[in-house]
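The values are calculated or read from the model by the stated rules, or taken from the named source; none is laboratory data. All of these numbers come straight from a predicted model, not from anything done at the bench. Note: ideal-geometry Cβ built from the backbone for every residue, glycine included; neighbour counts use all protein chains shown.
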């Protein structure tokens, strides 16, 4: 109200007329009403202090902070996960890419807190911020590909395993992790041999060991589950489909292929669409009403698969998932 004009001015020591006092109050009331009804535009600004009470208006900075919090919460809700298998946020390089893990000699070094941005993860239905992580010695590690995990206390573990994000249970080896997207929210499990247990750690990086030499050390992108090959949240679209009796396939724009058909135990059966390598999953069920016991396992190439079973020549149905290019 910087331009407000007081209708009546009073001199100290003189009497004020009630009418003039009322006129002043009416003028204040009218001015306040005008301000309340005023519509903002590009030429109008309002200074609003930080809200300290639920009934207060909030300013732009507070609104933006609240919006960002809602965005984060929305990511968690829409993902369908009770936890994220990858980190949410943390230290980045000059290109804005995740930069969490480094190596010095045989020690993994973590760029988390103490001069670096804290690591944000979401696990066990909880948002966690980690600010301190100890180095991890990998002396004596055998040749292989390793994933680096962190738990909500900031403890590091390194596993020679694979991470699967898909609706159907893959063939899991010990320590493999499966994010089951067939349920909502999705469930993250780890194989311990003959059983699956809840897995409440987050993958933050990976590396390869060959002849005692470490290579391909890299940090997993934040929220990289959004682009993981078998994830239902992928933006890939179906570009080709086929169906003919018991045979079918579905190909996505990113090269992911789901297909199925009928074969026979004890024989190789060839895929309608060959995969680019053997890093695909396959599930087998008996086709028919007979009880033929358990099949021993499968052998596979990029072109075909073989089912070993107690009885040869028994019809089976298969489904397979993987990349064809």
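Enumerate the strands (runs of 3 or more DSSP E) found wholly within region 208-268, keeping only those where 3 or more residues are at pLDDT 85 or above and surrounded by 13 or more Cβ atoms within 10 Å (Cβ to Cβ).
Numbers: elements: 213-219, 238-244, 247-252, 256-264.
So the answer is 213-219, 247-252, 256-264.
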Which numbered condition residue 316 fails, given (1) buried (at least 17 other Cβ atoms within 10 Å of the Cβ); (2) modelled with pLDDT of 85 or more; (3) outside any loop (DSSP other than H, G, I, E, B): (2)
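Could you pull out the residue among 144, 90, 96 that is in contact (Cβ under 8 Å) with a residue 40 or more places away in the chain and not assigned by TED's automatic domain parsing to the domain that holds residue 219?
Numbers: 144 fails: not assigned by TED's automatic domain parsing to the domain that holds residue 219; 96 fails: in contact (Cβ under 8 Å) with a residue 40 or more places away in the chain.
Among 144, 90, 96, only 90 is in contact (Cβ under 8 Å) with a residue 40 or more places away in the chain and not assigned by TED's automatic domain parsing to the domain that holds residue 219.
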Residue list for region 269-283, restricted to those being within 25 Å of the chain's Cα centre (by Cα) and part of a loop (DSSP other than H, G, I, E, B): 279, 280
Exclusive hit being at pLDDT below 70, touching a strand residue (DSSP E or B) at 6+ places or on another chain (Cβ under 9 Å) and not assigned by TED's automatic domain parsing to the domain that holds residue 162, set 292, 280: 292
Only one of 80, 13 that is more than 39 Å from the chain's Cα centre (by Cα) and either at pLDDT below 65 or loosely packed, with under 10 Cβ neighbours inside 10 Å (or both): 13
Residue 153, sole failed condition from (1) part of a loop (DSSP other than H, G, I, E, B); (2) more than 16 Å from the chain's Cα centre (by Cα); (3) over 17 Å from residue 84 (Cβ atoms): (3)
